[in-house]
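Data block below; observations after.
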Amino acid sequence: MEYVQSEANKHDAPDTPLEYQSETGRLNILGFWIFLGAEIALFATLFATYLVLIGRYADGPVPWELFEVKGVLIETFLLLTSSFTCGLAIHEMRRHSLKGLVAWLGITLVLGVAFLSFEIYEFIHYIHEGASLTTSAYWSGFYVLVGTHGAHVTMGIAWIVLIIIQLFQRGLTKQTTRKVFVASLYWHFLDVVWIFIFTAVYLYGMVIHHG
Amino acid sequence: MNLEWDEFFVTGEPLIYAADVSIVLTTIAIIFVLTYFKKWKWLWREWLTTVDHKKIGIMYIFAALLMLFRAGVDALLMRAQLTVPNSKILEGQHYNEIFTTHGTIMIIFMAMPFLIGLINFVVPLQIGARDVAYPFLNAVSFWTFFMGAMLFNISFIIGGSPSAGWTSYVPLAGDELSPDPGQNFYLIGLQIAGIGTLLTGINFLVTILKMRAPGMTWMRMPMFTWSTLITMILIIFAFPVLTVALALMTFDRLFGSHFFTLADGGLPMLWANLFWIWGHPEVYIVILPAFGIFSEIISTFARKTLFGYKAMVWSIVAIAGLSFVVWVHHFFTMGANAAVNSFFSITTMMIAIPTGVKIFNWLFTLYKGRIKMTTAMLWSLAFIPNFTIGGVTGVMLAMAAADYQYHNTYFLVAHFHYVLISGTVFACFAGLFFWYPKMFGYKLNERLGKWGFWFFMIGFNVTFFPMYFLGLAGMPRRIYTYEWADGWFNLNVVASIGGVGMAIGFVLLVYNIYWSFRHAERENEGDPWDGRTLEWSTPTPVPFYNFAITPTVKGLDAYIIMKKDREQQEKTYKPIHMPSYSGLPIIMSAAFFISGFGLVFKWWWIAIIGLIGVLVTLVLRSFDYDEGYYVQVEEIERIENAYK
Ligand code: HEM
Ligand SMILES: [Cu+2]
């Protein structure tokens, strides 16, 4: 946008990706990186809370009785793969292939929904076994940490759906590519957070803590 | 859900009936005036939907002044209650509600928005930009702050106010000891306003990083811009912690989780830690911009470049860094071990070093300056000794061992008012007087301004200096009455007299705004103080695109250099890109308000309707491809020529 002073016109070079070609595009992408910084602070606080509350099970169940390796591994696999397909989507976008982009985004969505379904199933299972938000401080910490991640994934899915609609309406433009790119950053970020959850919650809960 | 209607409105106290009546009357008056003068459309078009950073800044300041009034009335009520022993003006519960709302509003809904208002108005102009990086988000920030503040404020007449102090320590603030909706107002009002603050943080960080005029390198940035930049970084790291803390307590209260409860493994100290990990940086979020404002004003009216500019910059950075590692000094007495207390005691005291550096730099800037005693300068000069008193007593509090003696006494109350008022509030007033001509095209009356200054400043010392001695004499903080035998009567009378002095000072300020609106001499040159930085290079009132031609910066104090050079820039205008106004931010924030209101009372269906409203506005925004419009050259010429 012209109300910003562009430093030279180096961004107009033909090999610059579409999403970086407008000043708005560059500003929004930078702003989103900073937003992710704030998200890191947010999740860091949730992790700290969770870790402090480990061991505070009151009379409720303990995690290693409930956590199951299989479900968590499937979830991890689904989300990691979705991050990969999301990367492929951006790759297609850079090649100016709308079809490829939408296809890979679609696959990403399917994987995301599958991840969520497993997570919801897992939660319902735990609740049946007597571990809910209100059971003990530990389980409160668990549900809020893992649930916040899940809520983010839900948001991400809704967001990508909206963007796909816009891709159908408008094709690849400076604006739509910017939106796709920002959403992809978000998606990868959620993946990274999940790796921490996998380690700090499940691995620690099942193996290290118990063993 | 099962709250009865007769419990909905708070009743039974003359004060509250008075508030009801005044709210109804004010609302009717506003509606009447707007209708009578046919101003509805104007209000909507020019203000409620604006994305112009200057108007948003003015709205922030206006709202902050209202909040200063509201919380100031709370303060006077407290002083009235404490003037004589065994007083019955307020009962205990009501006193608790009042100091809670007073503290919360002053910090969250007065000090921070006032500064953010000044930042909004000034910083883009100071760096030679045409707007902020995300004008739309800027409007969202303002409206979420506003709606959060309103939600918090209505607690007084609907449902009852929070009463656990602005720190909301559990278990006091928990479901068992505070079962009524008051604490929910606190949690959700702050949560909604917090969204806006975080967005402001990101917005201005990017604005300053990316939108400076050509030539404005790091070490040519004005001090106010520097302090804003660092403040925004503090916001970005501190506010997510508050978001989480508030959310966890909300879950505890609304959904029965056990983060902070005494039963089922909850950890009350976790709240204290989370709160102050945000809370201490928050204190610096409201003091660093103040430092920036004083720097601008002192160098302008001493007519000298700021002494030790680089040291000033580095000391802000140091203060900001340290502010994240001192939080435990707020609960030295809550059972941490000696090593922990010592660590936090020392880091706290270290903050005095960079702060001292700044004080000396201000003094050296004054040394041999040709000082002009404007009202803005008076506030800035008064800041130095008063703030030093607050700082020195702060170091006394930072000695963990000594803190066992006077923590939670009036010594503490005196300390934090000395830093907050002589730091933040003086800066807000100084900044208002200083930039007022830029905002409206005329100065505030200097004579009235000085009267206001003396009343407020002397009143402030008369109020709070005795409180140090009350504290040493053992008067605890947050008590609502005391006995003759306590011997605190004399000093309390003095303090209350001072409170009246401050109130007069505030009234003079408001009257000054009215008087100047009617009578002050208009000017449109835009440089009434012989300013040093770029904001003074525009005409006033500033055209909506700020700069017809983007300025080029050649050094620190860019505008001074431009005035000396006097080289005539060639005036060839180019079309200017501007963002469009939008009604979505206010609608989205109203939806937040509705949702929050539902949550406060656990009326889930209202909460869900509000939430759906928020989601719908988000979707609308996602499909909104309005990228603004261009102001054409003829239009720019017409506007620019009108100033001649
Ligand atoms: C206008 C003059 C003011 C007066 C007369 C005043 C007076 C008081 C009094 C009497 C208390 C209660 C102390 C207690 O019972 O423990 C209090 C608390 C407090 N005040 Fe002020 N105040 C004023 C302005 C301010 C300002 C400008 C700020 C912040 C920028 C502020 C921030 C606070 C805070 C944070 C508390 C603590 C509330 C709590 O304990 O939860 N005050 N004030
Ligand atoms: Cu502190």
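Here are the numbers for the structure shown:
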| read-out | value |
| --- | --- |
| Single condition B:LEU234 does not satisfy, out of (1) within 16 Å of ligand 2 (Cβ to nearest atom); (2) over 24 Å from B:ALA139 (Cα atoms) | (2) |
| Qualifying residue in the stretch B:243-256 (condition: modelled with pLDDT of 95 or more, away from ligand 2 (no atom under 16 Å from the Cβ), open to solvent by 10 Å² or more (accessible area, probe 1.4 Å) and closer than 18 Å to B:PHE109 by Cα) | yes |
| Top-ranked residue of the stretch B:257-273 - restricted to ones that are open to solvent by less than 10 Å² (accessible area, probe 1.4 Å) and either of a type in the set (Phe, Trp, Tyr) or within 30 Å of B:LEU420 (Cβ to Cβ) (or both), ranked as farthest from the other protein chains (Cβ to nearest Cβ) | B:ALA272 |
| Residue match in the stretch B:104-125 (condition: of a type in the set (A, V, I, L, M) and touching a Lys or Arg at 6+ places or on another chain (Cβ under 7 Å)) | yes |
| Exclusive hit being at pLDDT below 95 and either in a helix (DSSP H, G or I) or within 16 Å of ligand 1 (Cβ to nearest atom) (or both), set B:GLY498, B:GLY526, B:GLY474 | B:GLY474 |
| Options B:PHE416, B:PHE489; residue that is within 14 Å of ligand 1 (Cβ to nearest atom) and more than 14 Å from every other protein chain (Cβ to nearest Cβ) | B:PHE416 |
| Scope the stretch B:501-523; condition part of a loop (DSSP other than H, G, I, E, B) and among the hydrophobic types (A, V, I, L, M, F, W, C); matching residues | B:ALA520 |
| Odd one out for B:LEU444 among (1) outside any helix (DSSP H, G or I); (2) open to solvent by 10 Å² or more (accessible area, probe 1.4 Å); (3) farther than 24 Å from B:SER163 by Cα | (2) |
| Options B:ALA80, B:ALA111, B:ALA75; residue that is aliphatic (A, V, I, L, M), within 6 Å of ligand 1 (Cβ to nearest atom), touching a residue at least 12 places away in the same chain (Cβ under 8 Å) and open to solvent by 10 Å² or more (accessible area, probe 1.4 Å) | B:ALA75 |
| Checking B:LYS368 against (1) more than 16 Å from ligand 2 (Cβ to nearest atom); (2) outside any loop (DSSP other than H, G, I, E, B), the condition it does not meet | (2) |
| Restricting the stretch B:331-354 to residues that are open to solvent by 60 Å² or more (accessible area, probe 1.4 Å) and in a helix (DSSP H, G or I), the residue that is nearest to B:THR217 (Cα to Cα) | B:ILE353 |
| Subset of the stretch B:117-134 [open to solvent by 10 Å² or more (accessible area, probe 1.4 Å) and touching a Pro at 6+ places or on another chain (Cβ under 8 Å)] | B:ARG130 |
| Helices (runs of 4 or more DSSP H) fully within the stretch A:8-99 counting 1 or more residues that are within 14 Å of chain B (Cβ to nearest Cβ) | A:23-53, A:63-66 |
| Failed condition for B:GLY194, given (1) away from every other protein chain (no Cβ under 14 Å); (2) surrounded by fewer than 23 Cβ atoms within 10 Å (Cβ to Cβ) | (1) |
| Unique residue being in contact with a Phe, Trp or Tyr (Cβ under 9 Å, 6 or more places away or on another chain), farther than 28 Å from A:ILE163 by Cα and away from chain A (no Cβ under 13 Å) when the list is B:GLY555, B:GLY583, B:GLY598, B:GLY613 | B:GLY598 |
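Let's see how each residue does on (1) within 16 Å of ligand 1 (Cβ to nearest atom); (2) farther than 25 Å from B:ILE298 by Cα; (3) among the aliphatic types (A, V, I, L, M):
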| site | (1), (2), (3) |
| --- | --- |
| B:VAL328 | no, yes, yes |
| B:ASN337 | no, yes, no |
| B:MET349 | no, yes, yes |
| B:TYR367 | no, no, no |
| B:TRP379 | yes, no, no |
| B:THR388 | no, no, no |
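The values are calculated or read from the model by the stated rules, or taken from the named source; none is laboratory data. Quantities reported herein were computed from a predicted structural model and do not represent experimental measurements. All Cβ positions, glycine included, derive from the backbone under ideal geometry; neighbour counts span all protein chains shown. Quick note on the areas: whole protein, heavy atoms, side chains included, nothing else; ligands and nucleic acids left out. Shrake-Rupley method; radii C 1.70, N 1.55, O 1.52, S 1.80 Å.
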